[in-house]
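**Student:** Next up is a structure, given as structure tokens.
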Amino acid sequence: MTQMVEIKYQPYKELIIHEIKKVELKDLLGFVAGQAEAQRQGAAPVVEWIDGIAFTRSSYPIPAPAKVIEDELEGRLHYPFVIFAETSYEPQKRTTLNGREVSVAVHKAEDNPVYQDLAKFLKEFKP
């Protein structure tokens, strides 16, 4: 008879954000659209949204620094940069990039516990 593998759920305990910037919605949408275009991978620009806060974040390039990987294994998550704006929810927002209209998808991220806490933190963040 085989023994089942022990499975543990270990959520992150801490989120460390190294830079935060609050902007107007048009600036957030322009930033995200510009980033998507610069990557030229054909992906549509997307922002995350929870409870009146739209945001995007950066990640460390792959391979991530050893310290970041070590911290994440110990439950400390690192975001180098978060940019956010206050806005109502709509599945798509429109912005202008280089003279043309671009659609930015707005993804409800309410099922992500880290993003839930991040949105609460950003609502009260004073730059």
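**Student:** Stokes-Einstein diffusion coefficient for the range 72-114 at 25 °C in a medium of 0.890 mPa s, Rh from the Kirkwood formula over Cα pairs: what value in µm²/s?
**Tutor:** Calculated translational D: 181 µm²/s.
**Student:** Compute the angle between helix 113-124 and the longest alpha-carbon principal axis of the chain, please, reported from 0 to 90 degrees and rounded to the nearest 10.
**Tutor:** The angle comes out at about 50 degrees.
**Student:** Then there is this: Strictly greater than 16 Å: what percent of every Cα pair in the range 1-44 meets that?
**Tutor:** The answer is 68 percent, as a whole percent.
**Student:** Could you calculate the FRET efficiency of Ala44 with Phe121 from 1/(1 + (r/R0)^6), where r is the beta carbon distance between them and R0 is 25 Å, rounded to 0.05?
**Tutor:** The value I calculate is 0.40.
**Student:** Still on this model: Sum -39500 (n - 2.57) across every DSSP H segment of at least 4 residues in the chain, then divide by the residue count to get the 222 nm mean residue ellipticity, nearest 500.
**Tutor:** -8500 deg cm²/dmol
**Student:** Enter the per residue convex hull volume of the chain, computed from alpha-carbon coordinates, in Å³ rounded to the nearest integer.
**Tutor:** Spread over its residues, the Cα hull of the chain gives 162 Å³ apiece.
Read-outs throughout are calculated quantities, based only on the coordinates presented, and are distinct from any laboratory measurement. Since the model is a prediction, treat every value here as computed from it, not as a measurement. Every residue, glycine among them, receives a Cβ derived from its backbone with ideal geometry; neighbour counts consider all protein chains shown.
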